[in-house]
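No lab work stands behind these numbers, since they all come straight from the coordinates. The shown structure was predicted, so the numbers you read here are calculated from the model rather than taken from an experiment. A quick note on method: Cβ atoms are made from the backbone with ideal geometry, for glycine too, and the neighbour counts reach across all protein chains shown.
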Ligand code: NAD
Ligand code: ZN
């Protein structure tokens with residue numbers, strides 16, 4: 001069925017009376033999505049209406065969506081976020097533009113677009129005008145404040161949506177829209193130089209697998225830390241120079257300091273483990289940077305003040321990245337510098353994927369195909 005109330009405009013071709021959008025004529029009224037009504041409640045694979053884009057928005061036919069641990073934190077209600085309920089989660093979407101709001105510039109029907117965590121920001125505040133839009137106080141987050149990418153059609157602000165070159169593998173690029181972008185930005189935030197050691201904590205997970213590859217492509221020496229033989233071998237297969245299994249080493253800080261000849265110049269914490277974060281303060285190299293990315297459900301650590309002051313440490317937070325970071329992160333991918341072998345599953349399998357993620361047994365990233 002087609003969207004209702006179609007009429008024609010001499011200037012733009014077919015439009016819908018609700019908001020003067022340019023659109024493809026084959027947009028259905030309803031679609032499949034995974035919806036939850038309460039935190040931790042049933043994940044319902046069901047039919048929902050196709051949303052309509054506002055004047056500033058694109059309607060994107062999401063082909064694939066990555067599944068991020070942040071989706072799981074939000075589903076479980078672990079963070080004090082203002083989550084819309086019922087909610088369709090997801091914020092790593094890759095698909096095709098099928099309708100365009102009347103105020104949108106620079107996009108055509110058929111373009112490939114990425115839908116990110118940061119769906120929109122005000123563009124006017126001091127953070128937006130200085131390239132720090134992920135901290136805009138008026139930000140709207142996909143799959144949190146509004147429905148996200150665990151559906152076949154979603155809306156995205158045209159300014160924040162990511163351009164994806166034609167011919168790109170959409171299943172593989174989807175995780176770049178959050179995991180890749182976040183990992184890449186966190187590596188930049190270490191301010192490490194080529195040849196320096198970067199410790200990636202959580203190297204076998206979604207962000208970690210990509211952090212290992214971006215770090216390698218950026219010329220760093222990479223030490224991957226995760227638990228178990230499978231995950232450490234996985235990190236090694238992705239290019240980590242050294243790996244450490246935190247479940248078997250008796251003294252992790254001592255081991256890392258030994259391997260890196262004095263400590264990691266940068267530590268990128270992409271696990272959701274409080275203990276891992278706490279430990280990282282003790283193996284960062286003097287003058288080095290600890291980057292906090294993963295957000296445990298209970299998010300408070302003890303900062304060791306004397307070692308932090310006495311060794312001139314930098315401890316920084318890092319949330320996703322801005323539009324320029326996004327463009328760069330996608331370019332690394334399209335040039336073949338990062339290649340994450342994603343696991344493809346159907347959108348209807350999301351409950352099983354969340355269970356596996358909760359158990360910590362996923363290596364790399366799932367990318368869900370919204371057509372099944
Ligand atoms: P994931 O579940 O795919 O990966 C986490 C990895 O951490 C797993 O491989 C797990 O085995 C490993 N791990 C667990 N305990 C560990 C320990 N003590 N030491 C080392 N490794 C350990 O999760 P993900 O999707 O990669 O997300 C990771 C975290 O980053 C989540 O908390 C997520 O919410 C957060 N995140 C933050 C941002 C941001 O902008 N700051 C963006 C995306 C995700
Ligand atoms: Zn994410």
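For q = 0.09, 0.10, 0.17 Å⁻¹, what log10 I(q)/I(0) does the range 181-317 give under the Debye formula with an equal point scatterer on each alpha carbon and no solvent?
-0.21, -0.26, -0.79
Report the relative contact order of the chain, percent, no decimals, based on alpha-carbon pairs under 8 angstrom and at least 6 residues apart.
17 percent
In what sequence do 371, 318, 348 fall when counting other Cβ within 10 Å, fewest first? Intermediate results must be reported in sequence, preceding the final value.
Working: 371 11, 318 20, 348 16.
By the 10 Å Cβ count, ascending: 371, 348, 318.
If one computes the Cα centroid of the range 212-273 and of the range 335-366, what distance in Å separates the two points?
The range 212-273 and the range 335-366 have Cα centres separated by 21 Å.
Within the chain, what percent of beta bridges assigned by DSSP are antiparallel, to the nearest 5?
60 percent
Let me have the 222 nm mean residue ellipticity of the chain computed from DSSP H runs of 4+ only, each contributing -39500 (n - 2.57), with the sum over all residues rounded to the nearest 500.
Rounded to the nearest 500, the figure is -6500 deg cm²/dmol.
Hey, could you get me the Stokes-Einstein D for the chain, Kirkwood radius over alpha-carbon pairs, 37 °C and 0.692 mPa s, rounded to whole µm² s⁻¹?
156 µm²/s
Taking springs between alpha-carbon atoms closer than 10 angstrom, which of 81, 281, 23 fluctuates most in the Gaussian network model of the chain?
Looking only at 81, 281, 23, the largest GNM fluctuation is found for 81.
Could you bin all the Cα-Cα distances of the range 176-226 into 10 Å bins starting at 0 and give me the percent of pairs in each, rounded to whole numbers?
Histogram of Cα-Cα distances, whole percents per bin: 31, 60, 8.
Report the label-to-label distance for residue 79 and residue 352 in nanometres (one decimal), using points 7 Å from each Cα along the Cα→Cβ vector.
2.7 nm
How far apart, in nanometres, would the label points at residue 103 and residue 47 be if each is projected 7 angstrom from Cα along the Cα-to-Cβ direction?
3.4 nm
May I ask you to sort 225, 88, 159 by Cβ crowding, counting other Cβ atoms within 10 Å and putting the fewest first?
Least to most surrounded, the residues fall as 159, 88, 225.
Can you sort 157, 325, 230 from fewest to most other Cβ atoms within 10 Å of each residue's own Cβ?
If I rank by nearby Cβ atoms, fewest first, I get 230, 325, 157.
Relative contact order for the range 65-164 using alpha-carbon pairs under 8 Å, separation at least 6, rounded to a whole percent?
33 percent
Hey, rough spin-label estimate for residue 249 and residue 275, points 7 angstrom out along Cα→Cβ, what's it come to in nanometres?
1.5 nm
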